[in-house]
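**Student:** Handing you this structure, nothing more for now.
Coordinate-derived values only; no laboratory data. Everything quoted here is computed from the prediction, not taken from an experiment. In this analysis, Cβ positions are derived from the backbone assuming ideal geometry, glycine residues included, and neighbour counts consider all displayed protein chains.
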Amino acid sequence: MSKKFAKKLTEQQANKLLREIPNRNDEEFENLMPRSKGYALQNGQLITKTPTGSYMLWESRQDCLDGLRETFAAKPEHVLHGIFKADGEFPSTVDDRIRYLARRFDLPVESLSKSVASLELVDEAIRKYGQRKALKSPIFEAIVAYVGEVIRSVTKGEWDMKLDSDGKTWEPWIVDQAGRRYSPFMVVYKELDSDEGFSIWGATDGEITSK
């Protein structure tokens with residue numbers, strides 16, 4: 001979206017305009033950009049505030065909204081859309097999801113030792129369960145949870161949830177102590193979406209050793 005008709009404001013400049021010009025909270029803008037704030041000015045302009053506290057003044061509120069709609073319409077859906085329904089609290093549910101995975105795949109919980117080698121059991125279980133069926137919620141989230149825990153265990157990392165720019169899709173990452181980032185969700189998605197066979201065990205090993 002072009003910013004030709006927008007300019008940056010300091011917080012002081014923004015507050016001055018908001019005091020001087022009648023305005024209202026812009027729910028239409030905030031529905032498009034849930035993490036930002038919008039103030040529709042009576043003169044047709046728009047002031048926006050990002051989650052990091054940056055302000056912009058848009059000469060035409062309508063042009064801004066139209067540009068956002070065009071941008072979102074052109075943007076393809078996130079690969080996790082519809083199959084990863086967890087939110088930012090996903091890490092706190094990981095243990096429960098792994099227990100669900102063990103029950104659903106008829107695996108002893110203790111066999112899910114969080115080692116890379118244990119993913120061979122998961123691969124075998126998925127082949128019995130159905131590769132395409134495993135691309136659906138909630139089993140997909142459970143597989144991502146376990147692959148993430150394997151990566152976390154090997155790398156001594158931590159979970160890091162990131163909200164995508166679409167404002168609704170949460171991405172579960174692992175970040176190790178050196179700041180290297182690993183994406184268990186993409187490891188699982190790419191393998192299960194493949195038409196040429198899959199190996200979550202091999203892909204996870206590759207994700208770890210490639211950093």
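**Student:** Could you work out [θ]222 nm for the chain from helices alone, using -39500 (n - 2.57) per DSSP H run of at least four and dividing by all its residues? Round to the nearest 500 deg cm²/dmol.
**Tutor:** -12500 deg cm²/dmol
**Student:** Select from 152, 97, 24 the residue whose mean-square fluctuation is largest in a Gaussian network model of the chain (Cα-Cα springs shorter than 10 Å).
**Tutor:** Evaluated over the chain, the most mobile residue of the options is 24.
**Student:** Give me the percent relative contact order of segment 1-69, please, defined on Cα pairs under 8 angstrom at least 6 residues apart. Please report the intermediate quantities before stating the final value.
**Tutor:** On the way: 105 pairs, mean separation 23.4, N = 69.
Averaging sequence separation for qualifying contacts and normalising by length gives 34 percent for segment 1-69.
**Student:** Now for a different question. Along the charge dipole of segment 90-209, pointing to its positive end and built from +1/-1 on Cβ of Lys, Arg, Asp and Glu, which listed residue (145, 118, 201) has its Cα farthest out?
**Tutor:** Going by the Cα projections, it comes out as 145.
**Student:** A further question follows. Between residue 78 and residue 178, what is the label-to-label distance in nm when each label sits 7 Å out along the Cα-to-Cβ direction?
**Tutor:** Result for the modelled spin labels: 2.8 nm.
**Student:** Once you charge only the Cβ atoms, +1 for Lys and Arg and -1 for Asp and Glu, what is the size of the charge dipole of the chain about its Cα centre, to the nearest 20 debye?
**Tutor:** Working: 32 positive and 34 negative charges, 117 e Å.
Computed charge dipole of the chain: roughly 560 debye.
**Student:** To the nearest 20 Debye, how big is the dipole of segment 108-207 about its Cα centre, given +1 on the beta carbon of each Lys and Arg and -1 on that of each Asp and Glu?
**Tutor:** Values: 13 positive and 18 negative charges, 37 e Å.
Taking the Cα centre of segment 108-207 as origin, the dipole is about 180 debye.
**Student:** While we're here: For every other residue with a beta carbon closer than 13 angstrom to the beta carbon of residue 53, add +1 if it is Lys or Arg and -1 if Asp or Glu, then tell me the sum.
**Tutor:** On the way: positive: 8, 35, 37, 49; negative: 11.
Overall, the nearby charge balance is +3.
**Student:** Then there is this: Could you list, in their original order, any pairs among 8/85; 85/114; 136/162; 16/168 whose Cα atoms are separated by more than 29 Å? Spell out each step's value before the answer.
**Tutor:** On the way: 8/85 35 Å; 85/114 23 Å; 136/162 21 Å; 16/168 32 Å.
Pairs exceeding the cut-off: 8/85; 16/168.
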